[in-house]
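Inspection log for the structure reproduced underneath, given as structure tokens.
No lab work stands behind these numbers, since they all come straight from the coordinates. Since the structure is predicted, the reported quantities are computational estimates derived from the model, not experimental observations. Neighbour counts are summed over all protein chains in view; Cβ atoms, including those assigned to glycine, are modelled from backbone coordinates with ideal geometry.
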Amino acid sequence: MISSEQVVQTAKSIAAIQQADGGVPWPEGHVDAWNHIECLMAMSVAGLTDEVRQGYAYLLRHQRPDGSWPAKLQDGEPLESNGESNHAAYLAVGVWHELLVTGDEDFAARLWPAVKLALDYVVGLQTDRGEIVWERDARGRASDYALLTGCSSIHQGLRCGVALAERLRDPQPHWELAADRLAHVVRAHPEAFADKSRFSMDWYYPVLGGAVRGPEAFELLHRDWATFVVPGLGIRCVSDQPWVTGAETCELVLALDALGDQGRARALFGDMQHLRHEDGSYWTGWQFANRKHFPHERSGYTAAAVILAADALQGLTAAAGIFRDAAAPAAPAAPATNPDACGCTPARA
């Protein structure tokens, strides 16, 4: 474990890269909404409220009328204008997290119109079967395929949106239905998603995002544990390279914590601490065949994942359970409105 003082030090390493306009960039210099929000969540854990609120103001300035954000922004201008569904969905996670940490319902109410726009953009990309395609391009055309990691994260976004809607007394039942349908497809229809199975995120994200829990989740993680986990170092980013990454390792920590598997969660969290820099920041990854940091950078999103994992394991804030709570309250066998839309029947599901 790292101490609360080390958590603050790490959060300050994120604040140190935050730009004057409030954006939290990748090492390459661009901002995307998903990683930006993750960094805001991490700084909130450490009590850096001013920096966090500047970051949400940045999101409000750059949200488009359809509810999306450009996939990449640099110096306030779009580098890539497509709008990714998982980016839009993560605003609900961030705002719900901020409300849990601070109790500031006025802040949540100010962000609520943006959350509604964003999640309605997301559910507008849901197919008849239930998966949510990954983007609209710069001309507004929906993609023709979905991503398992993205949809798993979207599932958490929809669940957080439902919780936020209930708290603010503005129910959005269509989001809950969309989440139920999406969870079913994640659990039962691997053919719905583009094959990205070499990436560890496609392995554990269905658990992290709450679509898969219980015995099925343990079985899923057991299946590829030896493929991705490198004892003493963390987990691989991709199955075919000798490269462990801190963010993916800490996300697996969060998934294990969500299942109550504290032993393996804590062990993995300890294993990845070799990536910690003396200033509290974290190297993105370690190429263990060449014994070099790769890429040669320290990333805000890696530091953010460490802080969120530390919060989950140590209960530093009232938002420590935000990943545990992403699971569906009930797991319907098939989409409630049209059981045959995905090609299943309840008896077979």
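Taking the beta-carbon count within 10 Å as an exposure proxy, list Val306, Val101, Val238 from fewest neighbours to most. Mind showing how you got there, number by number?
On the way: Val306 29, Val101 22, Val238 16.
The fewest-first ordering by Cβ neighbours comes to Val238, Val101, Val306.
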Fluctuation leader among Pro295, Pro171, Pro190 - the chain, Gaussian network, Cα springs under 10 angstrom: Pro190
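Mind giving me the FRET efficiency for Glu5 and Trp225? R0 is 41 Å, r the Cβ-Cβ distance, nearest 0.05 is fine. If you can, show how the numbers build up before the last one.
Details: r = 33 Å, r/R0 = 0.80.
With R0 = 41 Å, the Cβ-Cβ based efficiency is 0.80.
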Residue-wise HN-Hα coupling along the stretch 187-195, computed from phi with Karplus coefficients 6.51, -1.76, 1.60 (Hz; x: Gly, Pro): 6, 10, 9, x, 5, 6, 10, 4, 6
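Summing -39500 (n - 2.57) over the DSSP H runs of n ≥ 4 in the chain and dividing by its residue number, what mean residue ellipticity at 222 nm do you reach, to the nearest 500 deg cm²/dmol?
Details: 13 runs with 172 residues, N = 349.
Rounded to the nearest 500, it is -15500 deg cm²/dmol.
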Karplus-derived 3J(HN,Hα), 6.51/-1.76/1.60, for each residue of the stretch 9-18, Hz, glycine and proline x: 4, 5, 4, 5, 5, 6, 4, 5, 9, 5
Proximal aspartates and glutamates relative to Lys72, as straight alpha-carbon distance under 17 Å, when same-chain residues fewer than 8 apart are discounted: Asp21, Glu28, Asp32, Glu38, Glu80, Glu84, Glu135, Asp137
Packing rank of 103-110, 251-258, where each peptide gets the mean count of other beta carbons within 10 Å, highest leading: 251-258, 103-110
